[in-house]
1. Take residues that are surrounded by fewer than 18 Cβ atoms within 10 Å (Cβ to Cβ) and tell me which of the helices (runs of 4 or more DSSP H) falling wholly in the range 150-269 contain 1 or more.
2. Sort out which residues of the range 103-122 are buried (at least 20 other Cβ atoms within 10 Å of the Cβ) and in contact with a helix residue (DSSP H, G or I) (Cβ under 6 Å, 6 or more places away or on another chain), and write them in order of number.
3. Take the residues in the range 327-346 that are of a type outside the set (A, V, I, L, M, F, W, C) and assigned to a helix (DSSP H, G or I); name whichever of them is farthest from residue 165 (Cα to Cα).
4. Residues of the range 218-255 being under 20 Å from residue 199 (Cβ atoms) and hydroxyl-bearing (Ser, Thr, Tyr), which ones?
Amino acid sequence: MRESLNVYAVHSSFSEALLYPFGPEILIDATNSPESKQKCISYASKYNIPFFSASTNKDRGALVVFRPKNKIATLLSGSLESLLLNEFKGQAQGNYSSGVIAGLATEEVRKSVFQIKEYDHPLKNGSVIYYNINSSNRVGRQSDLRELLLDYYKEFNVLIIGAGAIGNFVALNLAMMGVGNIDIMDDDFIDHTNTHRQILFYGNRIGEKKAKVLCERIKEINPNVSSHPLVEKFTEGHEGLIKNGNGNGPYDLIFTCVDNQYSRYIINEFAVEYNVPVVDGGTGPTSGQVAVFVPGYTRCVTCQRNLKKKKKVVVNCREAEPSVVIPNIIIGSAMCGEAKRILYKGIDYTAPRILVYDAFSVGRLQTRPVLIDKRRKCQCQTKLN
């Protein structure tokens, strides 16, 4: 993906002797091993460097921060024990949960190296961030929703509209989840300005169609996935696509990864009409959010985001405010977490909230209530259970 990057692979468990030649300035432990994390704490304390402890399982994840300069405060707070993340010991790591936590960890590494604004502060020593798809607010340590047992996605048929930065991470996660059919719609081509954040467009693919290349990439990741490129821009003429699908039956779920309100509006309009769930994601340079429409359980994306049917001048991501890779990792992965809840039949969807990521907020990841204008009339209201 980036040939100029210096990467050293050390095929061993954590060892101070093996790290000595490299002299790391920041340490990250992304294992589910408390023993490995304990060694990292000792190393970080000895050499006075920041340490980030990250762990996940299939539905949850956590990131804990340790800054040895404030070691006394850490000891008093008891957060050295929290750095071990014992609750994840021995568990298999998940894909979308790992994506969310990896994005959060990467952002904290960036903040430890440089800040882009005067209020761009790193997390304080001992800070803990949780992501939990089984928590009603998505950031609770304890699960208050029924655990998801669904791990088999072969029969599902989904559509991703938008093959840009968010679309890359959504497609990557869905392929790793084993979703049976993934159609990808985008009329844009790969530009050199895309490659730093649209990670699956590595190699010499400049000038090729995004939808086509992205379909090829996810088939390389999971050869059992069926994926078809739709090299066209979504318009009001695609009502039949939302209603009937693309030859594999109606879609079980639509992901909107577009960069303008007009496209969101018409996609949502058809989704409401034909009762197709939607997971909508959007990002900026330092933030992002996820909104979800589940027929019968939530208001639609248009109502949640107060969208208007207004055409936008921007025609591709080169002309819009560009996002960066970190918000797209977090939001794209979180969108797939929401997809798992939607595709799991037999449970009530309990998220009339929008999931928000903000690199400048204290908690980084949070949910906020959906505030809908009471004067707004929409067909989705009549379908609420």
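Quick note: the coordinates plus some simple rules give every number you see, no bench work behind them. These figures come from a predicted structure and were not determined experimentally. Don't worry about glycine lacking a Cβ; one is built from the backbone with ideal geometry, like all the others, and counts go over all protein chains shown.
1. Fully inside the range 150-269 and qualifying: 210-221, 239-244.
2. Across the range 103-122, the qualifying residues are 103, 107.
3. So the residue we want is 341.
4. Residue satisfying the conditions is 227 alone.
Let's see how each residue does on (1) among the aliphatic types (A, V, I, L, M); (2) more than 21 Å from residue 306 (Cβ to Cβ):
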residue: 211; (1), (2): yes, yes
residue: 232; (1), (2): no, yes
residue: 241; (1), (2): yes, yes
residue: 267; (1), (2): yes, no
residue: 279; (1), (2): yes, no
